[in-house]
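For reference, the structure is listed below as structure tokens.
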Amino acid sequence: MEFVVKVHKLGINPCVDVPERIVNALLRDAKKQSGPVQVKGTLDGAAFETSVVKYSGGWRLYLNTQMRKDAGVDVGDTVHFTLQYDPVPRVRVPPMPETLRVALAKNKYAKERWHLQPRSRRKEILAYLNSLKTKESLERNVCKIIKMLVK
């Protein structure tokens, strides 16, 4: 699927609006009713992998710095996209340390707040916790995370 569109900013983020006909085809191929939808494609010939998401009333494809650099494009440019659904699983979230699992089980509010965190933030926290060397350090940092969640 191909389309041509102008890059604009939504807030501070460069993005493009994905045409409805493309979104409908992506959802059909992904066998989904709603987004986000993993995609791969090209931006002015430069390959990328990302997701198409619904935000602020429209379907968006956000252009990170590397995507724009690889394609040599910026906000205001008119660009050519090719897109297709990408069924290949993305990098998974690191495993949750048992210490955090137990702490969240003991605090229902913290557990609810944990699930409201963006996936990228949860992934970052879990990667950090999994990198810690001692049990004491893990426990200390889990306490800090629980406190942060219940603020």
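A few remarks follow.
- Selection count where residues are assigned to a strand (DSSP E or B) and of a type in the set (A, V, I, L, M, F, W, C), scope the range 1-15: 5
- Sole exception among (1) of a type outside the set (D, E, K, R); (2) surrounded by 15 or more Cβ atoms within 10 Å (Cβ to Cβ); (3) within 21 Å of residue 88 (Cβ to Cβ) for residue 66, by number: (2)
- Breaking point among (1) under 30 Å from residue 137 (Cα atoms); (2) modelled with pLDDT under 95; (3) not in a loop (DSSP other than H, G, I, E, B), for residue 49: (1)
- Helices (runs of 4 or more DSSP H) contained entirely in the range 65-151, each with at least 3 residues that are without any contact (Cβ under 8 Å) to a residue 60 or more places away in the chain and over 21 Å from the mean Cα position of the chain (by Cα): 98-106, 108-116, 135-150
- Filtered residue count, the range 73-93, keeping only those that are of a type outside the set (A, V, I, L, M), surrounded by 12 or more Cβ atoms within 10 Å (Cβ to Cβ) and closer than 13 Å to residue 43 by Cβ: 5
- Residues (surrounded by 10 or more Cβ atoms within 10 Å (Cβ to Cβ) and acidic (Asp, Glu)) located in the range 133-148: 139
For every residue, the table says whether it meets (1) within 25 Å of residue 11 (Cα to Cα); (2) in contact with a Leu (Cβ under 9 Å, 6 or more places away or on another chain); (3) of a type in the set (Lys, Arg).
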position	(1), (2), (3)
30	no, no, no
44	yes, no, no
69	yes, no, yes
77	yes, no, no
92	no, no, yes
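- Failed condition for residue 35, given (1) under 17 Å from the mean Cα position of the chain (by Cα); (2) outside any strand (DSSP E or B); (3) at pLDDT 95 or above: (3)
- Residue under evaluation residue 4, criteria (1) free of Cβ contacts under 8 Å to residues at least 60 places away in the same chain; (2) surrounded by fewer than 16 Cβ atoms within 10 Å (Cβ to Cβ); (3) not acidic (Asp, Glu), criterion not met: (1)
The values are calculated or read from the model by the stated rules, or taken from the named source; none is laboratory data. Not measured: the values here are computed from a predicted model. Cβ atoms come from the backbone with ideal geometry, glycine included; neighbour counts cover every protein chain shown.
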